[in-house]
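Engineer: Dropping a structure here in structure tokens format, bear with me for questions.
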Amino acid sequence: MKILTLETTCDETAAAVITGDFEVLASVVASQDKLHQRFHGVVPEIAARAHVERILPVIDEAIRNAGITLEELDAIAVANTPGLAGSLLVGLVAAKSLCVALDKPLVAVNHLHAHIYACKLASGQDVFPCIGMIVSGGHSNLYRCNAPSEFEYLGGTIDDAAGEAFDKVANMLGLPYPGGPAVSRAALTGDRKAYRFPRSFLNDDSKIAFSFSGLKTAVRYAITGGATSEFVRPDLTDQQVADLAASFEEAVVDCLVGKALLAVRKAGLSTLCVGGGVAANTRLRERLEAEAKKANIALHIAPFELCTDNAVMGAIAIERFRAGLTENLDLDLIPGLVRQ
Ligand code: KG4
Ligand code: ZN
């Protein structure tokens, strides 16, 4: 069995060819980072247009690299939720067109479920039931994951996602987009205790929730020296940037680690899976590993190459296809399913 998976939920155009034994025959990711860099964030219109230009060459390359023909595919899978509407539309239309032209079944992928599935894929172990934490540019959510497509939302951010906070803070510090890797690099030489930034909800065990907008404001005030209506970055020394980056990163990591462990405890489970772009953060990985070990939790963090958006994690479609979960051609995109 061979399946083509497409991923265009945000700003990566990706396609992969995966076998029924979960062997990855090809994986192609066309990143749009350079197009969005000067805006310090993803511009939905630009993302959608870039997907239109890239989707067919990316599919062609994946099929060529896999050494197969389109006719040999058994199904086409596409991430149809959640994401940017214009971006989702491009992948969905491409997938449906292939299904019509080739007379193949269509399989829907939930992008957030796929981020967690990346952990199972990489470990080769059955990770379910587990607590799943998705930390990306658009989401910071905790789920009880009973099965690959059976997720129960436990809580998440009430404002910004963790990745979004990294991107905004990077911009304030004069660091490039995407902000996560840049802040993380700057933090290496910084003092994590130089600034005492807020950790919302961390001491409240009754809540599985995150809030990063107050933290963002605290970083802004630390940079400008107080509340100002307009943000003008003063000249910062490299050490100040490093200290701000390290203190900010530590505050985010404290919240993510604290609530992930709380969710595991509350659910009475012993497995934690972590995926999404922010899961590539070295400090977060270190801290999760140390805390999971102490608490006797089996921890699975997606490998670096499967943290940021890719089509390999769309292998979750193989489980759905086998369970008979195929879609009609009226399958729609659902941009904002934060809680699914
Ligand atoms: O999962 P992803 O590729 O796209 C979404 O679905 O949002 O995540 C992208 C996010 C960006 O906000 C980026 O800054 C963040 O992941 N990110 C990181 C790191 N690498 C990427 N955040 C912190 N540390 C990193 N090393
Ligand atoms: Zn993602």
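The values are calculated or read from the model by the stated rules, or taken from the named source; none is laboratory data. For clarity, every value in this text was computed on a predicted model and none was experimentally measured. No Cβ is skipped: glycine too gets one built from the backbone with ideal geometry, and neighbour counts run over all protein chains shown. In case anyone asks, the SASA skips ligands and DNA or RNA and just uses the protein heavy atoms, side chains included. Shrake-Rupley method; radii C 1.70, N 1.55, O 1.52, S 1.80 Å.
Engineer: Taking a ≥ b ≥ c as the square roots of the Cα gyration tensor eigenvalues, with a/c under 1.5 meaning rounded and otherwise prolate when a/b beats b/c, else oblate, which class fits the range 126-306? Walk me through the numbers before you get to the answer.
Structural biologist: Working: a/c = 2.10, a/b = 1.89, b/c = 1.11.
Prolate, because a/c is 1.5 or more and a/b exceeds b/c.
Engineer: Rounded to the nearest Å, what's the spacing between the alpha carbon centres of the range 21-80 and the range 264-338? Just the number, please.
Structural biologist: Here the answer is 20 Å between Cα centres.
Engineer: About its Cα centre, how strong a charge dipole does the range 126-306 have in debye, to the nearest 20, once Lys and Arg get +1 and Asp and Glu get -1 at the Cβ?
Structural biologist: 380
Engineer: Moving to a separate point now. Return the long-range amide H neighbours of ALA26 (sequence gap of 5 or more, or a different chain), with a cut-off of under 5 Å between placed amide H atoms.
Structural biologist: Residues meeting the amide H criterion: VAL17.
Engineer: Right, here's the next one. Report in % the part of the accessible area of the chain that belongs to carbon and sulfur, leaving out ligands and nucleic acids; probe 1.4 Å.
Structural biologist: On the way: 7270 of 14480 Å².
Of all accessible area on the chain, carbon and sulfur atoms account for 50 percent.
Engineer: Where in the range 202-308 are there GluC sites (Glu not before Pro) that are in a DSSP coil and have at most 10 other Cβ atoms within 10 angstrom of their Cβ?
Structural biologist: Answer by residue number: GLU230.
Engineer: Does the range 93-141 come out rounded, prolate or oblate, given a ≥ b ≥ c as the square roots of the eigenvalues of its C-alpha gyration tensor, rounded meaning a/c under 1.5 and, failing that, prolate meaning a/b above b/c?
Structural biologist: oblate
Engineer: Here's another thing I want to ask about it. With point charges of +1 on the Cβ of Lys and Arg and -1 on the Cβ of Asp and Glu, referenced to the Cα centre of the chain, which listed residue (ALA245, ILE131, ALA30) lies farthest in the positive direction of the dipole?
Structural biologist: Farthest towards the positive pole: ALA245.
Engineer: Under 4.7 Å Cβ to Cβ, no partner at all: give me those cysteines from the chain, in residue order.
Structural biologist: CYS10, CYS99, CYS130, CYS145, CYS255, CYS307
Engineer: Using +1 at the C-beta of Lys and Arg and -1 at the C-beta of Asp and Glu, which of LEU202, PRO181, ALA161 has the Cα lying farthest in the positive direction of the dipole of the range 126-306?
Structural biologist: LEU202
Engineer: Right, here's the next one. Enter the angle in degrees (range 0 to 90, nearest 10) between the Cα long axis of helix 44-66 and the first principal axis of the Cα atoms of the chain, meaning the one along which they spread out most.
Structural biologist: Its long axis makes an angle of about 50 degrees.
Engineer: How much net charge surrounds GLY226 when only other residues with a Cβ under 15 Å from its Cβ are counted (Lys, Arg +1; Asp, Glu -1)?
Structural biologist: That works out to +1.
Engineer: Whose amide H sits under 5 Å from the amide H of THR157, counting only residues 5 or more places off or on another chain, with H placed in the peptide plane?
Structural biologist: SER140, PHE210
Engineer: Right, here's the next one. For the range 273-286, just list the computed ³J(HN,Hα) in residue order, Karplus coefficients 6.51, -1.76 and 1.60, θ = phi - 60°, integers in Hz, with x standing in for Gly and Pro.
Structural biologist: Going residue by residue, I get 10, 10, x, x, x, 5, 5, 7, 5, 4, 5, 4, 4, 4 Hz, with x marking Gly and Pro.
Engineer: With only alpha-carbon atoms counted, please give the Rg and Dmax of the chain, in Å.
Structural biologist: According to the Cα coordinates of the chain, Rg and Dmax are 20.2, 62 Å.
Engineer: Can you work out the accessible area per residue across the chain, with the rest of the protein chains kept in place, probe 1.4 Å, in square angstrom?
Structural biologist: Per-residue accessible area for the chain comes out at 43 Å².
Engineer: Right, here's the next one. Amide H to amide H, which residues 5 or more places from HIS300 or on other chains are under 5 Å from it, using H placed in the peptide plane?
Structural biologist: HN-HN under 5 Å from HIS300: LEU272, CYS273, VAL274.
Engineer: Cα gyration tensor of the range 229-340, axes a ≥ b ≥ c as square roots of the eigenvalues: rounded (a/c below 1.5), prolate (a/b > b/c) or oblate?
Structural biologist: It comes out oblate by the Cα gyration axes.
Engineer: If you don't mind, another one. Using each residue's phi in the range 129-144, evaluate 6.51 cos²θ - 1.76 cosθ + 1.60 at θ = phi - 60° and report the 3J(HN,Hα) Karplus result to the nearest Hz, with x for Gly and Pro.
Structural biologist: Result, rounded to whole Hz: x, 8, 8, x, 10, 10, 10, 9, x, x, 9, 9, 10, 10, 10, 8.
Engineer: On to the next question. For the range 126-306, give me the percentage of DSSP beta bridges that are antiparallel, rounded to the nearest 5 percent.
Structural biologist: Taking every DSSP beta bridge with both residues in the range 126-306, the antiparallel ones total about 55 percent.
Engineer: Given just the C-alpha atoms of the range 25-164, how large is their convex hull per residue in cubic angstrom?
Structural biologist: Spread over its residues, the Cα hull of the range 25-164 gives 130 Å³ apiece.
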